[in-house]
Amino acid sequence: GPTMLQAQDAGGSCGIQTAAMFFGGRSPSTSGITDSHTYNGTAWTETANLLVGVYTQAGFGTTTAAMSAGGDPAPPSRAGSVSWNGTSWTAANDLALGRLGVMGCGTQTAGLISGGSIPATPGNVYRAATEEYDGTSWTAANAQTTGSQRKTTFGIITAAITAGGSPEGPPDGTNAAEEYDGTCWTAVNNLNAGVKLGNGSGTSTAGMIFGGARPPGEITSAKTENWDGTCWTEIGDLGTARIQLGSGQASPNTASIAFGGEKPPGSTKSTDTEEWSEPVY
């Protein structure tokens, strides 16, 4: 696809292949930018800036009704959230637990976030905490089986998948995956390989995860895995290996999109946009 207007990684993202959005993150010179851009299937367009620079936050929703929550902002409250109405960003209620490295999914009126970390906590504690958003307030929900940060999450508030991430302890990404049914988290079949800092899209029965850092040695990867509701299967690679990239999270696994991120060598920020299409057999 067409390149982004600027190199950017570690921001919030949302939407579908023909209507996606990337906001905040890091530029080559700054961590915690306010820049926000939308993609219409043909070109990227600059939109109104976030209220405060932030990165490694959760993003979910659509290009006319999105949310940005948590992350590492300046000043570092890490609990802030803002909503997007298609024209401007507006302050929303804070998270119950401020954190960075968090991922989310769902809609602006029925959203879900989980995981993350609090760097100020001794040992950089990784969290299993889950919160739901009803369009007004954040409410604590049942925690995940295993806490982690910088994982991939897709689906809706009553049927979500989270996979990979960096658990407390080993530095490399985990291959663990869990499913959320609107009440509880349940372990499902593992990824074929551990991964963190990737992204993905789809539903709880038809999703995909791509990019990220994989063991051993946290190598930047182009690998893609497909989820069919039961098993993970490796499919076609990204054209460019990247970590901390954006995605059209609500895209089906037959028509997804990946953009931005950080690619080797030398941790170069990326402007790449890639669209995924799969034949219907």
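Peptides 249-261, 43-55, 23-35 ordered by packing proxy, namely the average of other Cβ atoms within 10 Å per residue, highest first: 249-261, 23-35, 43-55.
Given charges of +1 on the Cβ of Lys and Arg and -1 on the Cβ of Asp and Glu, with all other atoms neutral, how large is the dipole of the chain about its Cα centre, in debye to the nearest 20? Kindly include the intermediate steps, with their values, before the conclusion.
Values: 12 positive and 23 negative charges, 104 e Å.
The dipole magnitude comes to about 500 debye.
For the pair ALA96 and ASN190, the difference between a 0.36 nm per residue extended length and the Cα-Cα distance amounts to 30.9 nm.
So, with a 1.4 angstrom probe, what is the percent of accessible area on the chain that is carbon and sulfur? If you can, show how the numbers build up before the last one.
On the way: 5570 of 10560 Å².
Carbon plus sulfur share of accessible area: 53 percent.
Calculate, in nm to one decimal, what GLU46 and THR3 gain on full extension: separation in residues at 0.36 nm each, minus their alpha carbon distance. Don't skip to the end; give the middle numbers.
Details: separation 43, 0.36 × 43 = 15.48 nm, distance 1.29 nm.
Using 0.36 nm per residue and subtracting the Cα-Cα distance, I get 14.2 nm.
The residues of the chain have, on average, 38 Å² of accessible surface per residue, using a 1.4 Å probe with all protein chains present.
The alpha carbons of the range 95-224 give a radius of gyration and a Dmax of 13.7, 42 Å, in that order.
Which stretch or stretches of the range 1-40 have amide N atoms under 15 Å from the point lying 7 Å from THR254's Cα along the Cα→Cβ direction? The answer is 17. Placing one equal scatterer on every Cα of the chain and applying the Debye formula, the log10 ratio I(q)/I(0) at q = 0.13, 0.15 Å⁻¹ is -0.73, -1.02.
Between ASP134 and THR158, the modelled labels are 1.5 nm apart [label points 7 Å from Cα along Cα→Cβ].
The values are calculated or read from the model by the stated rules, or taken from the named source; none is laboratory data. Everything quoted here is computed from the prediction, not taken from an experiment. In this analysis, Cβ positions are derived from the backbone assuming ideal geometry, glycine residues included, and neighbour counts consider all displayed protein chains. The accessibility values were calculated without ligands, DNA or RNA, using every heavy atom of the protein model including side chains. Shrake-Rupley method; radii C 1.70, N 1.55, O 1.52, S 1.80 Å.
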